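One structure is given here, and the rest of the page talks about it.
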Amino acid sequence: MRDALTSLATHSSPTIDVADEPKDRWFNPYRVARSERAKALMSEIAAECENHERRTGLRTRKRRPRDQEIFQQVITALVANLVYHHLIANDGEGVAISRSRQVLGRKSRYRPKASSSVLPQIMDRLAAPELGIMRIELGHQEVFSKARRTRIWPERELIKRIDRYDLHFEDLGMEDHETVYLKSKTDGTGDPADLVEYEDTELTNQLRSRMLKINQWLNHADILVDDLRLSSAQRIDPSDRHLRRYFTRGSFQSGGRLFGGFWQPMSKADRLDCIAIDDEPVVSLDYSQMAPRILYAKTGLLPTFDDAYTIPGLIGHRGVVKKIFNALLFVEQPMVRLPRDTRGDLPWTIRGPELIDQVKAFHAPIAHHFETGIGHSVQYTESEILVGVLEELRERHVVALPIHDAVLVKESARNVTKTIMEEVFYRHTGLTGLVTEET
């Protein structure tokens, strides 16, 4: 199997309210050179950029040590992103990047040195025709049409050097950066929450330490991706394993889900068909009915049903019931409309308010928690359980890739993983976790 694989050791979706992170097509200021040949390329381009500055009179003085360090970091991040974009089999969209003075240069725990106020200047240097390193298309704001971000592409000379240096995904890496993100409470207008600059405490240091151990464990794992079996032409970078934990509403007891990792954006089918761990196919083990069981446990009650989402009178509409239940956990006012994307799944004779009332009636023992926003607290418990599962599996030397309330593990680790998932859920809730295998 190894020979065929790329190897490297408002109510519609209330549970993914932090999915507004930048995707890979955005400039990633943490991307760096990992191999010696990639570092040699970065140094070569930095030297040529400095020679260009001297020849054209753009700069006459030597940079101070601190400025030279930032210059090198910006060059490295820009070139690494362009190389990555070329390798990922891009679709011509380029790498989106900000040149805003309001964004760049502002100190933040979420921003590295490469997001410096000198970044636009260095971009312009690398875009000089005589260097042939990158092409820039400046962004613009429009009154009556969609604004467009500035984008960059690798140019002819850089593409030649990528081939000459024989660069691949494993030649690039990510420098260590923040893994504990805190987002503010949204203002109810639909705008995404802002990142909060927080002071480190014993708690945040502990959270970061846990994430560091998980990321180091994943970075050294034997995880393979079979590019030939992917359902799309998009290349997958199996070295992208950096997980971040996002807390919400300005609290480290709200949210806490894990984001990041090459496997999360993949389809369920591609994960199962194309990923291998320790040279074995993977299985996906998922917590069933996680949110309702956590909420019943928080209320001190034992569920009396087999399935929280199978309700008399709504048999055959389990998916709709699940969406309604989750929406009731996250809204903070009486819910009078169905979640988006549910109406088409129901007969038009069924009215939305009646459905909502049926879900409330079926779950009457916990209905007083509905429409209070308790879902954020439930989501925190979910995230603590998943992180606990990862830590237990790490102790057992079982590699696991998390996807919110599920994990991917190699087939031979199926039983031990299921047992650990059940035990960790019980420790947090007092109820046995319901673990199923996704197909």
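Distance from a point 7 Å along Cα→Cβ of Ile350 to each backbone N in the stretch 301-338: keep the residues under 13 Å and list them by number. Once the point is set 7 Å along Cα→Cβ of Ile350, 309-325, 338 turn out to lie under 13 Å by backbone N, inside the stretch 301-338. The amide H of Ser254, built 1.01 Å from its N in the peptide plane, has Thr248 as neighbours under 5 Å, considering only residues 5 or more places off or on other chains. Taking amide H positions as modeled 1.01 Å from N, with prolines and chain starts lacking one, the residues under 5 Å from Val180 and 5 or more places away or on another chain are Arg245. When the Cα positions of Ala193, Leu207, His177 are compared along the charge dipole of the stretch 168-243, Leu207 comes out farthest toward the positive end, with charges on each C-beta of Lys, Arg, Asp and Glu. The residue list Pro281, Val378, Ser412 was ranked by how far each Cα lies along the charge dipole of the chain toward its positive end, using unit charges on Cβ atoms, and Val378 comes out on top. In the calculated pair-distance distribution of the chain, the portion above 28 angstrom amounts to 57 percent of the Cα-Cα pairs. Amide hydrogen proximity for Val32: with H placed 1.01 Å from N in the peptide plane, the residues at 5 or more positions away or on another chain lying under 5 Å are Gly173, Met174, Glu175.
For the residue pairs Lys185/Lys268; Lys183/Lys323; Lys185/Lys418; Lys213/Lys410; Lys113/Lys213, the C-alpha atoms sit more than 29 angstrom apart in Lys185/Lys268; Lys185/Lys418. Projecting the Cα atoms of Pro129, Thr60, Val424 onto the charge dipole of the chain, computed from C-beta unit charges around the Cα centre, puts Thr60 farthest toward the positive end. Rounded to the nearest 20 debye, the dipole magnitude of the chain is 1580 debye, with +1 charges on Lys and Arg beta carbons, -1 on Asp and Glu beta carbons, and the Cα centre as origin.
Quote to one decimal, in nm, the extra length available between Ile88 and Arg63 on full extension: 0.36 nm per residue of separation minus the C-alpha distance between them.
Details: separation 25, 0.36 × 25 = 9.00 nm, distance 3.41 nm.
Gain on extension, Ile88 to Arg63, equals 5.6 nm.
From most to least packed by mean Cβ count within 10 Å, the peptides 320-331, 387-398, 196-207 give 320-331, 387-398, 196-207. Computed about its Cα centre, the charge dipole of the stretch 222-374 is approximately 800 debye, with only Lys, Arg, Asp and Glu carrying charge at their Cβ. Here the Karplus curve 6.51 cos²θ - 1.76 cosθ + 1.60, taken at θ = phi - 60°, turns the phi angles of the stretch 425-439 into couplings of 4, 5, 4, 8, 10, x, 10, 6, x, 8, 10, 10, 9, 7, 10 Hz, with x standing for Gly and Pro. With a Förster radius of 25 Å applied to the beta-carbon distance between Gln121 and Ala233, the computed FRET efficiency rounds to 0.10.
Its Cα centre serving as origin, the stretch 31-176 has a Cβ charge dipole (Lys and Arg +1, Asp and Glu -1) of approximately 840 debye.
Peptides 101-108, 172-179, 49-56, 77-84 ranked from most to least packed give 77-84, 172-179, 49-56, 101-108, packing being the mean of other C-beta atoms within 10 angstrom over each peptide's residues.
Using Cα positions and a limit of under 19 Å, work out the aspartates and glutamates in reach of Lys360, with same-chain residues fewer than 8 apart set aside. Result set, ordered by chain and number: Asp306, Asp307, Glu332, Glu371.
Over the stretch 31-176, with a single point scatterer placed on each C-alpha, what log10 of the ratio I(q)/I(0) does the Debye formula yield at q = 0.12 1/Å? Values returned for q = 0.12 Å⁻¹ are -0.50.
Scalar couplings 3J(HN,Hα) for the stretch 324-338, obtained by applying the Karplus form with A = 6.51, B = -1.76, C = 1.60 to θ = phi - 60°, are 5, 4, 5, 4, 4, 6, 9, 6, 10, 8, x, 8, 10, 10, 6 Hz; x denotes Gly and Pro. Under 12 Å from a label point set 7 Å out along the Cα-to-Cβ vector of Thr201, the amide N atoms of the stretch 243-270 belong to 251-254. Rounded if a/c is under 1.5, else prolate if a/b is larger than b/c, else oblate: which is the stretch 88-132, with a ≥ b ≥ c the root eigenvalues of its Cα gyration tensor? It comes out oblate by the Cα gyration axes. Coupling constants for the stretch 240-254 follow from the phi torsions by the Karplus curve (6.51 cos²θ - 1.76 cosθ + 1.60, θ = phi - 60°), and in residue order they are 7, 10, 7, 9, 10, 10, 10, 9, 10, 6, x, 9, 7, 10, 9 Hz; glycine and proline get x.
Each reported figure results from applying straightforward, stated rules to the coordinates on display, with no laboratory input. Computed from a prediction, not measured in an experiment: that's the story for all the values here. So basically every Cβ, Gly included, is an ideal-geometry build from the backbone, and we count neighbours across all protein chains shown.
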